[in-house]
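Down below is the structure, laid out as structure tokens.
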Amino acid sequence: MPEKVIITNGSQQFLYLVTEALCDPGDIVLVEDPTYFVYLGIAQSRGLDCRGIRLQEDGLDLDQLETVLEALKVSGDLRRLKMLYLVSYFQNRAV
């Protein structure tokens, strides 16, 4: 289905388009810590609140993710959470 394909000039343009489509200024995006620094710049330019979730040897720290999600729920900010941005690059490193 060609009408469902998006062609961009690279990952940065794609990430900007996706973020612009899904997020409004003040929305929350959870990102891996560390994450792709270019995405942090995109998020900042859109006025987003990025919150880092630690990486462990086997991937995202699910305990910290759960804690952050619960804190967002308690504070009433869960409705502002729009995206969990994950990058497999850091998880593919040699151990």
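Of Leu48, Leu22, all but one fail to be touching a residue at least 24 places away in the same chain (Cβ under 8 Å), surrounded by fewer than 17 Cβ atoms within 10 Å (Cβ to Cβ) and closer than 12 Å to Lys82 by Cβ; the exception is Leu22.
Taken across segment 77-84, residues that are of a type in the set (Asp, Glu), outside any strand (DSSP E or B) and over 18 Å from Ile28 (Cβ atoms) do not occur at all. All of (1) in a strand (DSSP E or B); (2) at pLDDT 95 or above hold for Glu66 with one exception: (1). Counting residues in segment 64-76 that are in contact with an Asp or Glu (Cβ under 6 Å, 6 or more places away or on another chain), surrounded by 14 or more Cβ atoms within 10 Å (Cβ to Cβ) and more than 15 Å from Val87 (Cα to Cα) gives zero.
Which number in (1) surrounded by 12 or more Cβ atoms within 10 Å (Cβ to Cβ); (2) in contact with a strand residue (DSSP E or B) (Cβ under 9 Å, 6 or more places away or on another chain) marks the one condition that Gly41 misses? Single failed check for Gly41: (2).
The values are calculated or read from the model by the stated rules, or taken from the named source; none is laboratory data. These figures come from a predicted structure and were not determined experimentally. Using ideal geometry, Cβ is built from the backbone for each residue, glycine included, and neighbour counts are taken over all protein chains shown.
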